[in-house]
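**Student:** Questions regarding the structure given below will be posed in turn.
Each reported figure results from applying straightforward, stated rules to the coordinates on display, with no laboratory input. Just so we're clear, the structure is a prediction, and the values are computed from it rather than from any experiment. A quick note on method: Cβ atoms are made from the backbone with ideal geometry, for glycine too, and the neighbour counts reach across all protein chains shown.
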Amino acid sequence: MYNDSFLEKRLNERAAINALRSLVQKKQGVDFCSNDYLGIATKGLLKHIDNNLQTGSGGSRLLSGNYELIEKTEQIIAAFHNAESGIIYNSGYDANIGLLSAVANRSDTILYDQLSHASIRDGIVLSRAQAFAFKHNDLQDIEKKLQHRNEGNCFIISESLFSMDGDSCYMDELVNLAKRYDAHLIIDEAHATGIIGEKGEGMVQVHNCEENIFARIHTFSKALGCHGAIVLGSNMLKNYLINFSRSLMYTTSLPPQSIAAIKASYQLFPTMHAERAQLAFLIQHFQHAPIRFTKIISNTAIQGVIIPGNTAVKAVAAQLQQAGMDVRPILYPTVPKGEERLRIILHAFNSVSQLNVLISMLQ
């Protein structure tokens with residue numbers, strides 16, 4: 001039998017701090033866990049997709065995997081987001097590592113928020129650029145680091161809506177800093193797409209600063225209820241990524257059936273005003289409700305309840321799950337020690353009575 005015992009040490013180290021991960025099937029009960037903010041996936045609102053479309057694309061975009069529907073969908077999405085052009089990737093992770101590893105090199109500097117998603121961090125590593133994390137949403141720290149940048153290009157990277165704390169970046173201030181120091185601003189709109197803005201267009205457009213952003217990443221696997229992502233920017237950027245982005249060049253492209261779902265979602269989610277209003281109501285209701293734990297202040301669908309210690313937060317999550325509430329704990333080392341939490345996701349399909357049950361169990 002093959003000897004893989006060398007893997008055991010690190011697994012045991014994780015187990016020792018009660019942080020060993022395992023795959024868990026979606027639980028029955030009230031969903032306070034998924035990123036399906038508007039309920040497009042849960043309610044099956046994209047089921048009318050033509051089943052006769054191909055389920056495989058046959059190759060990468062540079063070979064047999066490019067076709068009329070994917071190019072048309074890219075044009076539709078770019079127009080909706082007031083961008084010159086866009087290129088679809090298989091996931092948000094692929095988009096971030098493909099963008100960052102391609103546009104930056106050893107002579108460049110990347111400044112990124114310390115709470116940036118793992119896909120951003122991995123893309124930075126692949127770029128081989130000199131990189132510095134700045135304190136979360138700390139504009140003074142960003143400026144201090146801008147003053148010591150390399151002579152090459154400089155990129156500032158932030159998420160518009162952060163996936164753990166549910167807070168937002170200071171968009172206008174980031175734009176001003178990028179202008180002042182001749183830096184290229186990259187904004188990941190993964191968790192803002194579909195829920196931020198009158199039509200769910202995202203935070204960049206809410207702040208009317210599309211023309212000041214080097215690249216935007218919009219992910220389809222959260223509020224849009226399907227899969228994939230797009231990098232938006234100039235025609236030049238699209239052409240560059242086609243030539244240098246390895247996670248685009250060397251992977252089979254999304255099939256027509258998946259692209260049709262993305263296209264259909266872009267026709268649907270801008271019209272879901274009632275769902276965004278219901279979500280806003282639930283957010284305010286939860287934020288104003290008294291509970292015995294520390295809440296992270298958030299005006300978004302992502303709500304955090306701090307319960308320090310992996311063991312403690314897992315115990316509370318287990319109690320909620322036994323009562324039919326699908327709430328998951330976020331453990332160290334995913335979040336800093338002492339900031340372990342319940343990550344509670346509110347959805348347009350959650351009712352006030354369901355939320356009140358959850359609140360009562362936290363009081």
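**Student:** Let me spell out the model: positive unit charges on the Cβ of Lys and Arg, negative unit charges on the Cβ of Asp and Glu, origin at the Cα centre of region 202-285. What dipole size does that give, in debye rounded to 20?
**Tutor:** The dipole of region 202-285 has a size of about 200 debye.
**Student:** How big is the charge dipole of region 68-270 about its Cα centre, in debye rounded to the nearest 20, if each Lys and Arg gets +1 on its Cβ and each Asp and Glu gets -1 on its Cβ?
**Tutor:** For this selection, approximately 480 debye.
**Student:** So what's the projected area for the chain, the Cα convex hull averaged over all directions, in nm²?
**Tutor:** Convex hull of Cα atoms, orientation-averaged projection: 20.3 nm².
**Student:** Please compute the modelled spin-label separation between Asp182 and Val24, points set 7 Å along Cα→Cβ, answer in nm with one decimal.
**Tutor:** Reported label-point gap for Val24 and Asp182 is 5.1 nm.
**Student:** Could you tally up the Lys pairs in region 68-270 with alpha carbons closer than 18 Å? Skip any pair fewer than 8 positions apart unless they're on separate chains.
**Tutor:** 9
**Student:** Additional query: Please report the equivalent ellipsoid semi-axes of region 103-184, computed as sqrt(5 x eigenvalue) of the Cα gyration tensor, largest first, in whole Å.
**Tutor:** So the equivalent ellipsoid measures 19, 16, 10 Å along its semi-axes.
**Student:** Taking region 311-363 as the region of interest, what is the percent of Cα-Cα pairs per 10 angstrom bin, listed from the shortest bin to the one with the maximum distance?
**Tutor:** Spelled out bin by bin, region 311-363 gives 23, 51, 23, 2 percent.
**Student:** Residues with beta-carbon under 15 Å from that of Asn66, excluding Asn66: net charge, scoring Lys, Arg +1 and Asp, Glu -1?
**Tutor:** 0
**Student:** Further question: When the Kirkwood radius is taken over all Cα pairs of region 68-270, what Stokes-Einstein diffusion coefficient follows at 37 °C and 0.692 mPa s, in µm²/s?
**Tutor:** 196 µm²/s
**Student:** Can you spot the aspartates and glutamates whose alpha carbon is less than 16 Å from Lys295's alpha carbon? Ignore those fewer than 8 places along the same chain.
**Tutor:** Partners found: Asp165, Asp167, Glu339, Glu340.
**Student:** At 1.567 mPa s and 4 °C, plugging the Kirkwood radius over alpha-carbon pairs of region 205-287 into Stokes-Einstein gives what diffusion coefficient in µm²/s?
**Tutor:** 84 µm²/s
**Student:** By how many nm would the segment from His227 to His288 grow when fully extended, if each residue of separation counts as 0.36 nm and the alpha-carbon distance is taken off?
**Tutor:** Separation in residues times 0.36 nm, less the Cα-Cα distance, equals 18.6 nm.
**Student:** Rounded to the nearest 5, what % of DSSP beta bridges with both residues in region 68-270 are antiparallel?
**Tutor:** Counting DSSP beta bridges with both partners in region 68-270, the antiparallel share is about 35 percent.
**Student:** I need the calculated FRET efficiency for the pair Leu63 and Glu211, taking r as the beta carbon distance and R₀ as 45 Å, to the nearest 0.05.
**Tutor:** 0.85
**Student:** Place the peptides 342-355, 13-26, 66-79 in order of packing, highest mean first, counting for every residue the other Cβ atoms within 10 Å and averaging per peptide.
**Tutor:** For the peptides 342-355, 13-26, 66-79, the packing ranking is 342-355, 66-79, 13-26.
**Student:** Still on this structure: Name the residue farthest towards the positive end of the dipole of region 285-363 from the options Ser351, Ile307, Gly338, assuming +1 on Cβ of Lys and Arg, -1 on Cβ of Asp and Glu, about the Cα centre.
**Tutor:** Gly338
**Student:** Give me, ordered by chain and number, the residues 5 or more places off Asn137 or on other chains with an amide H under 5 Å from its own placed amide H.
**Tutor:** Counting only residues 5 or more places away or on other chains, the set is Gln114.
**Student:** Could you put His285, His207 in order, starting from the residue whose Cβ has the fewest other Cβ atoms within 10 Å?
**Tutor:** Ascending Cβ contact count within 10 Å gives the list His285, His207.
**Student:** Is the shape of region 28-174 rounded, prolate or oblate, going by the alpha carbon gyration tensor and its root eigenvalues a ≥ b ≥ c, with a/c under 1.5 for rounded and a/b larger than b/c for prolate?
**Tutor:** oblate
**Student:** Report the charge-dipole magnitude of the chain in Debye, nearest 20, computed about the Cα centre from +1 at each Lys and Arg Cβ and -1 at each Asp and Glu Cβ.
**Tutor:** That gives the chain a dipole magnitude of about 900 debye.
**Student:** Consider all pairwise Cα distances in region 1-83 and report the whole-number % of them above 16 Å.
**Tutor:** Summing the P(r) tail past 16 Å for region 1-83 gives 78 percent.
**Student:** Taking other Cβ within 10 Å of each residue's Cβ, how do Phe244, Phe269, Phe6, Phe32 sort, fewest first?
**Tutor:** Taking fewest neighbouring Cβ atoms as first place, the list is Phe6, Phe244, Phe32, Phe269.
**Student:** Choose one of Gln25, Ala261, Gly200: the residue whose Cα lies farthest towards the positive end of the charge dipole of the chain (beta-carbon charges +1 Lys, Arg; -1 Asp, Glu; about the Cα centre).
**Tutor:** Positive-end residue among those listed: Gln25.
**Student:** What number, rounded to the nearest 500 deg cm²/dmol, is the helix-based mean residue ellipticity at 222 nm of the chain, given -39500 (n - 2.57) per DSSP H run of at least four residues and division by all its residues?
**Tutor:** One gets -10500 deg cm²/dmol as the mean residue ellipticity at 222 nm.
**Student:** Something else about it: So what J values fall out for region 205-221 if you push phi through Karplus, 6.51 cos²θ - 1.76 cosθ + 1.60 with θ = phi - 60°, rounded to Hz, Gly and Pro as x?
**Tutor:** Calculated HN-Hα couplings, in order: 6, 4, 8, 6, 10, 3, 6, 9, 10, 5, 8, 10, 10, 10, 9, 9, 8 Hz.
**Student:** Another question about this same structure. For region 160-209, compute Rg over Rh where Rg is the Cα radius of gyration and Rh is the Kirkwood radius from the inverse mean 1/r over Cα pairs.
**Tutor:** 0.99
**Student:** Which one of Tyr37, Leu111, Ile217 is farthest out on the positive end of the charge dipole of the chain, using unit charges on Cβ (Lys, Arg +1; Asp, Glu -1) and the Cα centre as origin?
**Tutor:** Of the options given, the answer is Tyr37.
**Student:** Looking at the chain, what % of its DSSP beta bridges pair antiparallel, to the nearest 5?
**Tutor:** Of all bridge pairs located within the chain, approximately 50 percent are antiparallel.
**Student:** Mean separation of Cα pairs under 8 Å and 6+ residues apart, divided by the residue count of region 68-270: what relative contact order is that in percent?
**Tutor:** Rounded, it is 26 percent for region 68-270.
**Student:** Which residues among region 20-34 fall inside the zone where the amide N is under 16 Å from a point 7 Å beyond the Cα of Asp4, along Cα→Cβ?
**Tutor:** Those under the cut-off are 21-23.
**Student:** Normalising by the residue count of the chain, find the relative contact order in percent from Cα pairs under 8 Å and 6+ residues apart.
**Tutor:** 23 percent
**Student:** Still on this structure, I have one more. Order of Tyr93, Tyr37 from fewest to most other C-beta atoms within 10 Å?
**Tutor:** Ranked by crowding around the Cβ, least crowded first: Tyr93, Tyr37.
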